[in-house]
1. If you take the residues in the range 337-355 that are out of contact with any Lys or Arg (no Cβ under 9 Å at 6 or more places or on another chain) and modelled with pLDDT of 90 or more, which one is nearest to Trp313 (Cα to Cα)?
2. Kindly state which strands (runs of 3 or more DSSP E) lie completely within the range 70-179 and contain at least 3 residues that are modelled with pLDDT of 80 or more.
3. Filter the range 272-319 for residues that are touching a Leu at 6+ places or on another chain (Cβ under 8 Å) and of a type in the set (Gly, Ala, Ser) and give the result.
4. Failed condition for Val325, given (1) in the same structural domain as Ala137 (by TED's automatic domain parsing); (2) modelled with pLDDT of 90 or more; (3) β-branched (Val, Ile, Thr), with all others met?
5. Would you point out which residue out of Ile240, Ile190, Ile194 is buried (at least 20 other Cβ atoms within 10 Å of the Cβ) and assigned to a strand (DSSP E or B)?
6. For the range 209-220, which residues satisfy the criterion of being more than 16 Å from Ala247 (Cα to Cα), in contact with a helix residue (DSSP H, G or I) (Cβ under 8 Å, 6 or more places away or on another chain) and assigned to a strand (DSSP E or B)?
7. Taking Val250, is it in the same structural domain as Gly159 (by TED's automatic domain parsing), under 15 Å from the mean Cα position of the chain (by Cα) and under 25 Å from Ser142 (Cβ atoms)?
8. Filter the range 296-307 down to the residues that are exposed (fewer than 15 other Cβ atoms within 10 Å of the Cβ) and charged (D, E, K, R) and list them by number.
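The values are calculated or read from the model by the stated rules, or taken from the named source; none is laboratory data. The shown structure was predicted, so the numbers you read here are calculated from the model rather than taken from an experiment. Note that we place each Cβ from the backbone using ideal geometry, even for glycine, and neighbour counts take in every protein chain shown.
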Amino acid sequence: MHLHRFTVNRISLRLTVACACCCVFANTSGTAVSAAFVAVGFSSSVSFRLAPSIVPSRNPPVLGIQSGSARAGKERRCHSATSMSAFAAGEDIEVGDGTLLHFVWVPEVRSTQDAMRTLLASSRRDSLSQKGVDALALSAGSQIQGRGTSGRAWMGGAGNMFLTVALPARTLSALTYPITLLPLRMGTLIAREIVRILPHPEAQARVQLKWPNDVLLDDGKVSGLLIEMDGTSSYYLVGIGVNVAQAPHVPSLGADRGRRAACLAQCGLEGRGGDTARDLSIAIAVSITTWLGGSQEDTADSVIADWEKLATWGKVYDLRDGGAVVPLALETDGRLRVRDLTSGATRLLTAEYLH
């Protein structure tokens, strides 16, 4: 049994590694929205090199939240070496005051959201619960069938980051503010880690947030977020994509049209292939898990203030379904107050897409 200390983005981590633990689980199929997770024989290790929307299936989306656990006593933190058919062995990372993250990395998935559903539907979920795991994260080197809001395709690319973090609904039920602020809080945490990884202050100043949770770089979309529920409504699945090495082409017409993409490499970030994306996924997962440990102390005023620091006001945005608006203010429940350029009237946006 070995105890290791790592520092990831100024957060002190303790990782306990048990050299001879073994865990086997049945690869039970999950309730995937589009495609089942197909992966066989993955193996992985985690390296520490760093010094849109929530969904229950029948409810209309609110603020991009779309719909599609008792805390066990924490005993010894251990890494589980596995002989599993689908998922690699994960790493247990302790952050903050004992909040525990279980991190899994795999080379390729169709969708990290669907892969996480498969993981949560398997017997491995019970073993993680018994260890007192608070949050689960699954990151992939490649994602071949990702999706964004309203089922639109998320264009991936080699060297980019693909991540899903599963947060227990029971823990989030104790938030002091409406769950509709969750996408905005996730957006601020992702933006913060993107700012930290960029090499120059001049580049960091070019990072902004677009309502409700897109991260922009030089006015191009560098990160997107999709929040869904798992099949049992026990977890919120926070799906995150970050363009690290390349900016995929985004259509300007059709159902998948959207804002021009940007990538971190355009700011002079020196990449190490997929390692940069994997390191960033660890940093973001740790940041979200750290927030989860203190989430009951988070406030609506804090979420809104943090979000507004990176927002741009007075800029004209086109709506995907037609028309143009100018953002005016953020409401306490996360809705955006805008002025319609055609009528001059003000109204609140709930789930519309700003282009």
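1. Among those residues, the one meeting the criterion is Leu341.
2. By residue number, 91-95, 99-109, 135-143, 161-168.
3. Ser281, Ala283, Ala285, Ser287, Ser295, Ala300, Ala311
4. Of (1) in the same structural domain as Ala137 (by TED's automatic domain parsing); (2) modelled with pLDDT of 90 or more; (3) β-branched (Val, Ile, Thr), only one is false for Val325: (1).
5. On the way: Ile190 fails: assigned to a strand (DSSP E or B); Ile194 fails: assigned to a strand (DSSP E or B).
Step by step, each of Ile240, Ile190, Ile194 is checked, and only Ile240 is buried (at least 20 other Cβ atoms within 10 Å of the Cβ) and assigned to a strand (DSSP E or B).
6. Result: Leu209, single match.
7. In short, no.
8. Passing the criteria: Glu297, Asp301.
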